[in-house]
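Only one structure is covered here, and it is reproduced in the block below.
Derivation of every value follows stated rules applied to the coordinates shown; laboratory data play no part. From a predicted model like this one, the values you see are computed outputs, not experimental measurements. With ideal geometry, Cβ positions are generated from the backbone for all residues, glycine too; neighbour counts draw on all protein chains shown.
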Amino acid sequence: MIFKVATLFPEICEGYANKSIIGRAKEKGHIEIKSYNIRDYTEDKHKRVDDYPFGGGKGMLIQAEPVYKCYLAMIEDSVENI
């Protein structure tokens, strides 16, 4: 079974995936975890993915475009492995 994770922090995801029950399942070959860094799919030279709320107000959002491009890459990767 292959799990694909879109994340802003792939090193944290991979570190967690190598521990406990998940790590043992990976070692035995029962599961595979592949993480995709959303920042790799932004066109900003600083790899920023933050955006401001359109209605104003406090807080930050993640831009939709890099998330969508990451999603498409995940789908394309799945199709290539069939």
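Amide H contacts for LYS4 (H built 1.01 Å from N in the peptide plane; partners 5 or more residues away or on another chain; cut-off under 5 Å): LYS34. If you fit an axis through the alpha-carbon atoms of helix 64-80 and take the longest principal axis of the Cα set of the chain, what angle between them do you get, 0 to 90°, nearest 10? For helix 64-80, the angle is close to 30 degrees.
Local charge for GLY23 was computed over the other residues whose Cβ lies under 14 Å away, with Lys and Arg +1 and Asp and Glu -1, and equals +1.
Within a Cβ distance under 14 Å of SER78, other residues only, what is the Lys/Arg minus Asp/Glu net charge? Cβ neighbours under 14 Å give a net charge of -2.
Over the C-alpha trace of the chain, radius of gyration and Dmax come out as 15.5, 49 angstrom.
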